[in-house]
Every structure is written in structure tokens, then in C-alpha cells.
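Remarks on the structure that follows.
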Amino acid sequence: MRAPVDERVVERLTEYAARYTGFSLDAILPDAIRRAARRLADDPERILLRAANGEGNVVHALYQAVSVGETFFFRHPEQFGFIARTVVPEWIAARKQRITVWSAGCATGEEAYSLAACLLDLVPKHVEVSILATDLLERNLAVAREGVYGAWSRRPSAPMLHPIFEDNSASRMRIDSRVRAVVKFAQHNLLEAQSGGTFDLILCRNVLVYFSPESVRKAVGHLVSALAADGALLFGPMDVTDVPAALAYAAAPELQIYRRQADARPAKVRAVAPPVRMAEPQRERRAAPPEPVSIERGERKVAKAALEELSLRVPDYLPGILERALMHIRQGERAAAVQLMRDVLRRTEKLDAEDIVPGPEPLPVGFYRSSAEQFLRSRGGVE
């Protein structure tokens, strides 16, 4: 029987893992670090020395320890809707001959191939589509390059929006050769700048939710630097809690889609009040909710008071609960955010994932459920 890994060694290795990957300390599982230390099969003090010196084998083991494999095809379909309705028509109107896309933190490739299928289905056939898909782990990239997937990569919450497989009926599905041909996979750490030029479209989704605030700022800076002047940058619903510098919302805030200031709506508008019509048969009529308020820059005290008032008037309004959680995250109040995210899960567990929740941007119940699950998973709050 192997001797247990000393807790001091686990703590130090966790700190090194956070340094090399950008993950926050509370998003790194101690058991994963223990397994990494055992696999290295070396004296604990030597492992710590090798980690301090950035030795490749040790750093790679720490990369694997923080790996998150949750991904599937056409995740967040509302964002693919924005690409289809807004971004692609702009490219066509501008007569772009080449489209460059970066899938940053692509995991095992489902997102990159979803993008390829989407664009090949929508842009004129003479337009060149080039997608760079990067991830921290070569293990993930090997799976992505193979391009063969099982049922877990397809979810009911994310319909197959565009043709992507050679054969939809098989239990193991292979990506269509035309889709595979436009995607290139490469290893990359989001804490480092991308040297591949600029991109018309960048997706970095459900990755930064695991990062520390300092690492988020650093990674977002690299992403913004790689964004073309008229490009669009898309995050997952819980990845960033503030509008990145020099960017502004390009759609409803819930969608987490950004463009440079000149090409987007003003960043301060983030409506949280529900529609005036909230008919509830056989229930007492509730007071009208407050007017939408800004929560971004310079009005946070006003926003906090309005959100608290909203929670009293309409306690089961999902956009308001999610927004309150984001407010607590900005203020560093993790426990309060975790409680609210659990409340989102509780209120959605008996609802159909496809039901639309009225709000500033009508979104399905599944959007709110997956946002809460993603946050809780990243912070160890899932029971």
C-alpha cells in the first residue's frame, strides 16, 4: 500500500498548479493533486523542487490534475443563434473572403467542430473558413484530432444545429471530413499570448470560471489582443463578471458576447427587471418589478438596492437570482453566490429545460440550470 501524500506537499503542489494553469485554489481538487504526485513516483521533496523549476513532466501532471472534461456539441445554442443571425450576415455584407476563428480552451474538440459545421453551413462556399482550436492538454487534443465521439458529446439541451457527422445513426460518430478539414488543433496556455495573428471570432467558454480573478484578467487581455477590430468574443455565462476593458456588449448581457466599443452597444446597460406582464392564474397579483438598472460601472450601490428589491417582489425570477449571484461574485462574497446558485438549481429542477424564461433576453430554463451547475462545479459547491 502506498504511503499517503503529505498534506504540506499537496498544498504546495496545488499552489504550483494554480500558478501554471491560472486555476483558482478552490477550483483544484486535493485528491487530483494527490493522484498526480503518486503517478510521478518520486520523493515528495524532489517533486516540489521539480515543480518549482517548472520541469515539464511535473507541470504536465499538474495540468492533468486540473483538467475539466465537460463539453458537448453546440453548447449554448443561443450563442450559435447570434453567430447565425448577426455575425455571418455582417461577414457576407462585407464580402469577407476568409474567416478566422479561435476556439480557446477547446477541450476534446466538440466546440471547434460545432463552429466549423455552423460556418460551413452558413457562409458562401467560396469563403475560406480557418479555425484554430487550442487546449492546455495534448491528451484532449489527441481525442479532438481523432474526431470520433460517443453519445455523451450530444445532449438534449443542445440540438444538432448544423450537419456535423458522417453517420448520425452510429453509436460512435465520426466528424464529417469537410468539417475536420477546416480545424487545426494546437497546445496553448491561456496565460500566454497567442501568436497566430487576429481572429474574426473567438470563443473561450466555460474555462475562465475556474480561474482566479488575476488569471482571468491576464487571459482576457490576451483574448482581446487577438480579436480583430470588427471581431466578436464569446464567453460562457459564468466566465467573466465585468465587461472586459475596451469591449462592450454586442447582445443581451446574459449571452456574454462582446465586441470593441465602436461596434457594440454601451457596456453599462444590463437589464435585470422582468417583463411587466407576469400573469399568474389563481395567485395574488404581485407589485410591478423595478425598472432595469445598470450594474456595470459606477452604479453598483443603486444596482444592489434594486436587486434586493426585485428579490422581495419576485423571489422566483431566475434572471434576478442569477444577477444577484454575479453581484456577490464581484464583491468576493463566495458563500452568498454559492447559496444563490443552489437556489437556481432548486427552482429549475422540476422545470422543462426547453421552457423559455421571460426576461431581458428570453432564454431557456436549461441556460440558467447549466450556468449554476458550471459555477458550483468550479467552486466545489455541488452537493
Any idea which of (1) open to solvent by less than 30 Å² (accessible area, probe 1.4 Å); (2) at pLDDT 70 or above is the one Ile356 doesn't satisfy?
(1)
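Criterion first (at negative phi, at pLDDT below 75 and surrounded by fewer than 14 Cβ atoms within 10 Å (Cβ to Cβ)) does Ala335 satisfy it? Before you say what the answer is, go through the steps one by one.
Values: at negative phi: yes; at pLDDT below 75: no; surrounded by fewer than 14 Cβ atoms within 10 Å (Cβ to Cβ): yes.
No; evaluated as a whole, the condition is false for this residue.
Before we move on, is Leu49 open to solvent by 70 Å² or more (accessible area, probe 1.4 Å), in contact with an Asp or Glu (Cβ under 9 Å, 6 or more places away or on another chain), touching a residue at least 40 places away in the same chain (Cβ under 8 Å) and at negative phi? Even if it seems obvious, please write down each step before you answer.
On the way: open to solvent by 70 Å² or more (accessible area, probe 1.4 Å): yes; in contact with an Asp or Glu (Cβ under 9 Å, 6 or more places away or on another chain): yes; touching a residue at least 40 places away in the same chain (Cβ under 8 Å): no; at negative phi: yes.
The answer is no for Leu49.
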Quick one: would you say Ser171 is open to solvent by 30 Å² or more (accessible area, probe 1.4 Å), hydroxyl-bearing (Ser, Thr, Tyr) and touching a Lys or Arg at 6+ places or on another chain (Cβ under 9 Å)?
no
Pair list, Cβ < 6 Å and 6+ apart or interchain, from the stretch 222-248 residues that are more than 18 Å from Leu322 (Cβ to Cβ) and assigned to a loop (DSSP other than H, G, I, E, B) to residues that are aromatic (Phe, Trp, Tyr) and open to solvent by less than 40 Å² (accessible area, probe 1.4 Å)
Ala226/Phe199
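Here's the yes/no breakdown for (1) of a type outside the set (D, E, K, R); (2) under 27 Å from Ala17 (Cα atoms); (3) surrounded by fewer than 23 Cβ atoms within 10 Å (Cβ to Cβ):
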| site | (1), (2), (3) |
| --- | --- |
| Cys204 | yes, yes, no |
| Ser215 | yes, yes, yes |
| Lys218 | no, yes, yes |
| His222 | yes, yes, yes |
| Pro237 | yes, yes, no |
| Ala248 | yes, no, yes |
| Ala251 | yes, no, yes |
| Leu255 | yes, no, yes |
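Okay, residues lined up against (1) farther than 20 Å from Val207 by Cβ; (2) crowded, with 17+ Cβ neighbours inside 10 Å; (3) touching a Phe, Trp or Tyr at 6+ places or on another chain (Cβ under 7 Å):
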residue: Ala116; (1), (2), (3): no, yes, no
residue: Val129; (1), (2), (3): yes, yes, no
residue: Ala133; (1), (2), (3): no, yes, yes
residue: Leu136; (1), (2), (3): no, yes, yes
residue: Arg139; (1), (2), (3): no, no, no
residue: Ala144; (1), (2), (3): no, yes, yes
Filtering the stretch 41-98 down to residues that are in a helix (DSSP H, G or I) and charged (D, E, K, R) yields Glu45, Arg46, Arg50, Glu78, Arg85, Glu90
If I ask for residues that are open to solvent by 100 Å² or more (accessible area, probe 1.4 Å) and either closer than 19 Å to Val209 by Cα or modelled with pLDDT under 90 (or both), which ones from the stretch 8-24 would you list?
Arg19
Taking the residues in the stretch 92-113 that are under 15 Å from the mean Cα position of the chain (by Cα) and of a type in the set (S, T, N, Q) as candidates, determine which candidate is least open to solvent (accessible area, probe 1.4 Å).
Ser103
From the set of residues in the stretch 242-258 that are under 20 Å from Arg75 (Cβ atoms) and in contact with a Lys or Arg (Cβ under 6 Å, 6 or more places away or on another chain), which is modelled with the lowest pLDDT?
Pro253
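The values are calculated or read from the model by the stated rules, or taken from the named source; none is laboratory data. As the structure is a prediction and not an experimental result, all values here were calculated from the model. Cβ: placed from backbone, ideal geometry, glycine included. Neighbour counts: every protein chain shown. These area figures cover heavy atoms from the full protein model, side chains too; ligands, DNA and RNA do not enter into them. Shrake-Rupley method; radii C 1.70, N 1.55, O 1.52, S 1.80 Å.
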